[in-house]
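Peer 1: Take this structure, written in structure tokens, and hold onto it; I'll ask about it next.
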Amino acid sequence: MEVILKTDIKGLGYKNDLVPVKAGYGRNYLIPQGFAVLATDSNRRILAENIKQAAHKAEKIKTEAETISAQLAEITLEIKAKIGESGKLFGKVTTLQISDALAAQGIMIDRKKISINTPVQGAGEFEAEVDLHREVKQNVKFVVVAE
């Protein structure tokens, strides 16, 4: 079964992508939730027309994402967390904390677009990946320090 995605879905695809999915996943989750539509001939023609009309707008969005990516490459965030005497972290460093630290720097990024690839065990320097655009991904460095 092929569907056309109406929103970005992590691990599956981006908006306006034509993706093959299992029939049950498409029928029971993607289509009822409004995340996708069935890839019929008429929907494919509508998709082609929408992509054609949105081409210049997409280029503008990509340029903005590249600008933010350049800003993120230069930034090192400082995340304060409770750290025990053995050097272990109490709790977790979450994507929400990174998103808030970026907002304090003046860069607004949704926490859902941030992923921490390595587990944060204690104080030190780590990296998180920010998915700004389908073609633009940037690693942002953050330092965990004792509160």
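No value in this document is a laboratory result; all are computed from the given coordinates. Note that the structure is a prediction, hence the values are computed from the model and not measured. FYI the Cβ positions are ideal-geometry reconstructions off the backbone, even for glycines, and counts take in every protein chain you see.
Peer 1: Identify which of the listed values of Cα Rg over 2.2 N^0.38 Å was calculated from the structure shown: [x] 3.05; [y] 1.32; [z] 1.11.
Peer 2: [y]
Peer 1: Here is a follow-up. Taking R0 as 35 Å, what's the FRET efficiency between Glu59 and Lys22 from their Cβ-Cβ distance, rounded to 0.05?
Peer 2: That pair, Glu59 with Lys22, gives E of 0.55.
Peer 1: Report the net charge of residues surrounding Leu38, where surrounding means a beta-carbon distance below 12 angstrom and charges are Lys +1, Arg +1, Asp -1, Glu -1.
Peer 2: Once all neighbours under 12 Å are counted, the net charge is +1.
Peer 1: How much of the DSSP beta bridge set in the stretch 25-147 is antiparallel, as a percent to the nearest 5?
Peer 2: Antiparallel bridges: around 70 percent, rounded to the nearest 5.
Peer 1: Can you figure out the FRET efficiency of Arg134 with Lys92, using R₀ = 35 Å and their beta-carbon distance, to the nearest 0.05? Walk me through the numbers before you get to the answer.
Peer 2: On the way: r = 28 Å, r/R0 = 0.80.
My answer for the efficiency is 0.80.
Peer 1: Once each part is reduced to its C-alpha centroid, what is the distance from the stretch 98-147 to the stretch 1-69 in angstrom?
Peer 2: Rounded to whole Å, the Cα centres lie 26 Å apart.
Peer 1: Also, I was wondering about something else. Once you have the Cα-Cα distance between Lys52 and Lys141, take 0.36 nm times their residue separation minus that, and quote the gain in nm to one decimal.
Peer 2: Separation in residues times 0.36 nm, less the Cα-Cα distance, equals 28.3 nm.
Peer 1: Quick check on the exposure proxy: order Asp41, Asp131, Asp100 from fewest to most C-beta atoms within 10 angstrom. Display every interim value, and only then the final one.
Peer 2: Numbers: Asp41 7, Asp131 18, Asp100 13.
Going from least to most buried by this count: Asp41, Asp100, Asp131.
Peer 1: Using only Cα atoms, tell me the angle between helix 41-53 and the longest principal axis of the chain; keep it within 0 to 90° and round to the nearest 10.
Peer 2: Long axis of 41-53 versus the principal axis of the chain: about 60 degrees.
Peer 1: Let me ask something else. Can you give the extra length, in nm with one decimal, that the chain gains between Gln121 and Thr40 once fully stretched, where that is 0.36 nm per residue apart less the Cα-Cα distance?
Peer 2: 24.3 nm
Peer 1: Any chance you could give the angle, 0 to 90 degrees and rounded to 10, that helix 95-104 forms with the longest Cα principal axis of the chain?
Peer 2: Rounded to the nearest ten degrees, it is 80.
Peer 1: Within the set Lys88/Lys113; Lys6/Lys92; Lys82/Lys141; Lys62/Lys92; Lys60/Lys80, which residue pairs have Cα atoms separated by over 29 Å?
Peer 2: Violating the 29 Å Cα-Cα cut-off are Lys6/Lys92; Lys62/Lys92; Lys60/Lys80.
Peer 1: Given a cut-off of under 8 Å on Cα pairs at least six residues apart, what relative contact order in percent is computed for the stretch 63-146?
Peer 2: Working: 142 pairs, mean separation 31.0, N = 84.
The normalised contact order for the stretch 63-146 reaches 37 percent.
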